[in-house]
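Below: one structure, written as structure tokens.
All of the numbers you see were taken from the coordinates with simple rules; none came from a lab. If you're wondering where the values come from, they're calculated on a predicted model, not measured in any experiment. As a convention, Cβ positions derive from the backbone with ideal geometry for all residues, glycine included, and neighbour counts pool all protein chains shown.
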Amino acid sequence: MNEDWALYEVFIRARSGLEHKHVGSLHAADARMALEHARDTYTRRQEGVSIWVVRSIDILASDPEEAGELFEPARDKVYRHPTFYSIPEEVKNI
Amino acid sequence: MRPGLKFLYHIRLGSVHMYTQALDSCGTEPPSVAPAGEAERERQFQERIDRDEKIEPKDWMPDAYRQTLIRQIAQHAHSEIIGMLPEGNWITRAPSLRRKAVLIAKVQDEGGHGMYLYSAAETLGVSRGELMAQLLAGRAKYSSIFNYPTLTWADIGAIGWLVDGAAIMNQIPLCRCSYGPYARAMVRICKEESFHQRQGYEIMLTLARSGTRAQREMAQDALDRWWWPSLMMFGPSDVESGHTAQSMRWRIKRFTNDELRQKFIDATVPQARFLGLSIPDPDLRWDEASQHYASGPIDWGEFQAVLKGEGPCNRERLAARRAAHESGRWVREAAAAYADKHSDHRTGTGPAPGYAQAS
């Protein structure tokens, strides 16, 4: 059995104005093949107008075990949200 | 560097070998977990499941959960790939251009479904090559239904109506499965699958309601041959099934095999009646008390035999799959050679001609 082709992650823009969104992954010998396979695998029903492919190995991801350290510091900073501030009702347009 | 950033993980690799340790000189081992810690982690894991949280690839999970999912998703993927064969058999003989276009699209979908599922399995740390090797070596299971032959055009109708109908019944609850990548693959598959069932029923309608007598008989014969194997698709009865209780606790499964089978029977019997066809089960009757159809016993001996490789087409299916793999070898080799020759396109020195930079 040959070694697997590189794994690519596929991102698709559903229509102009929207961001590209991760839809899945596939194997391909090179980037061009990855694009062509992405088209056949993930856009058989007009799911997109643009495709990105990126080699999975080039993505660095945060570790779920460290999610606390990474994301919890934001928890006690509620003053970053507009609802933290009370404004009298008679004041308009703020 | 904060210790929290000690491990940079490459996305998607399973935890067995997922550590790409960077920026850390004082230890090369992944954090080891004492048995007591393991039990605690399992308890926390089950609590996450009970709260209906989704488990994602790099989250900690018990090894048995990982292995159960690899086995189930791989079998599911293999079923999609082998499932292309009985229907592919009729592409060149479809009775009209419309039917041919539809059948090609359906078979292509099955191939796509196999790809989604292999990808989902790979997030658990198994490689595509390994899964493919298991299938080609005859060491992997796939749905027993695909070891039955497609003898007439009506079989293509019966497969869409019954086999895809049973698959949908099985797959809809899997859209809520606790493992994120599997659940997402199933959402996509279920969306695409519903045309498969409808096109099959439409073929049956054409044959059974507006066809000649010979065509009606052909439709009845297909129903006679596909009914029982379709019921077997839901797997062994709950009392026999070893995996059901644990899979339900992990929320991989949401309903038992027998519950899903009953749902399928209740949905399908009136559809058969509309076609004017009869279900080949002398014991089938409406049970007023339970508000369900009661049905006769399933021949589990046949099911076990087909699983063990003694079905009518087991050898033929694997031989066809191996031949397809072998005859594609030169294409794979040529693609790999081409990619090597142009490897500057892959190593990030610049986009290949014609590529837009992602921005």
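Both radii were evaluated on the Cα set of the protein assembly as shown; the Rg over Rh quotient, with Rh as the Kirkwood radius, amounts to 1.02. About its Cα centre, the protein assembly as shown has a charge dipole of approximately 1300 debye under the convention of +1 per Lys or Arg Cβ and -1 per Asp or Glu Cβ, with nothing else charged. The mean sequence distance of close C-alpha pairs (under 8 Å, at least 6 residues apart), as a share of the length of chain B, puts its relative contact order at 16 percent. Within 10 Å of the Cβ of each residue in A:61-69, the mean number of Cβ atoms contributed by other protein chains is 6.
Look at the dipole of chain A built from charges on Cβ: of A:I59, A:A28, A:A14, the Cα furthest out on the positive end belongs to A:A14. In nm, to one decimal, how far is the B:I91 label point from the B:C190 one, both placed 7 Å along Cα→Cβ? Output for this residue pair reads 2.9 nm. When chain B is treated as a GNM with alpha-carbon contacts under 10 Å, the residue of B:P149, B:P280, B:P229 showing the greatest mean-square fluctuation is B:P280.
On average over all directions, what projected area in square nanometres does chain B have, based on the convex hull of its Cα atoms?
Taking a quarter of the hull surface, the average projection is 24.2 nm².
Taking label positions 7 Å along the Cα-Cβ direction at both B:D238 and B:W60, the computed distance is 3.4 nm, reported to one decimal. On the beta carbon distance between B:V269 and A:H22, with R0 = 51 Å, the FRET formula returns roughly 0.75.
Proximity of backbone amide H atoms, modeled 1.01 Å from N, is registered between A:A6 and A:A28 at under 5 Å, excluding neighbours fewer than 5 places apart on the same chain. Were the residues from B:R198 through B:A245 laid out at 0.36 nm apart, the gain over their Cα-Cα distance would be 13.6 nm.
Sketch the reach of a paramagnetic label on B:E302 as a point 7 Å from Cα along Cα-to-Cβ, and name the residues of the range B:118-148 whose backbone nitrogen lies under 19 Å away. Within reach of a label on B:E302: B:142-148. Pairwise Cα distances in the range B:199-293 exceed 16 Å in 63 percent of cases. Semi-axes of the equivalent ellipsoid of the range A:1-91 are 40, 21, 8 Å, computed as sqrt(5λ) over the eigenvalues of the C-alpha gyration tensor in descending order. When only alpha carbons are used to place a centre, the range B:98-137 and the range A:60-94 end up 43 Å from one another. For the residue pairs B:K58/B:K308; B:K54/B:K308; B:K141/B:K191; B:K253/B:K308; A:K21/B:K341, the C-alpha atoms sit more than 27 angstrom apart in B:K58/B:K308; B:K54/B:K308; A:K21/B:K341. Sorting B:K106, B:K54 by the number of Cβ atoms found within 10 Å of their own Cβ, with the fewest placed first, yields B:K54, B:K106. With a cut-off of 12 Å between beta carbons, the residues surrounding B:L117 carry a summed charge of 0, where Lys and Arg count +1 and Asp and Glu -1. Here the range A:6-80 is assigned +1 on the Cβ of each Lys and Arg and -1 on the Cβ of each Asp and Glu. Its dipole about the Cα centre then comes out at about 580 debye. Across all C-alpha atoms in the range B:32-96, the radius of gyration and Dmax reach 20.0, 65 Å.
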